[in-house]
């Protein structure tokens, strides 16, 4: 009887221990489940981290000066040449463009009429030249070694609207309009004004001669 009781107690002990082992097995994956959300949070933090964008923008600021930009304003220089062909005076002002990359004909006419007289001396227009720096970033290296291969000056034959090309940001200040005046010769102008023009009608004279011959 004593042996039977001991055997029954042993069986109860084994039955009691086995469920505890199963519970431990069931709890193991639960630990993995607790770790999964933390990994997801790390991924979310990586996605939400925008520091690299700010670093890129900071670096990009150093290169914006090499990007072409449209011209909104341009410097104008009026050059005055005296009777002995010497440059004696220079005027400078800024021209603010009504439309980007375009110099209007009306603006040129206004510049000429408002600046063709200095110290009671009258000057006449002889040339308008526009310096438009169209050099691109990749061309800068070649320009430094072979500047003669590039020409950025345009001479206007007529007073008309002029289109400009975009310029690299760091070279925008080089764009310029040159209006060249020469001093008027008053004495020569008076001689031209006093010169009488004589017209000959050769056809009429020939006709009269023919009539005389017929007679």
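So for each of 74-81, 170-177, 88-95 I average, over its residues, the number of other beta carbons within 10 Å; can you give me the resulting order with the highest mean first?
74-81, 170-177, 88-95
Please list, in order, the residues from region 145-164 whose amide nitrogen is less than 17 Å from a point placed 7 Å along the Cα→Cβ vector of residue 182.
156-158
Let me know the volume per residue of the alpha-carbon convex hull for region 65-194, in Å³.
Dividing the Cα hull volume of region 65-194 by its residue count gives 132 Å³.
Over region 65-194, what is the relative contact order in whole percent, taking alpha-carbon pairs under 8 Å and six or more residues apart?
That works out to 41 percent.
Separation between the residue 88 and residue 156 pseudo-spin-labels, each 7 Å from Cα along Cα→Cβ, expressed in nm?
Using points 7 Å along Cα→Cβ, the separation is 2.6 nm.
Quick note: the coordinates plus some simple rules give every number you see, no bench work behind them. Note that the structure is predicted; figures quoted are calculated from it, not measured. All Cβ positions, glycine included, derive from the backbone under ideal geometry; neighbour counts span all protein chains shown.
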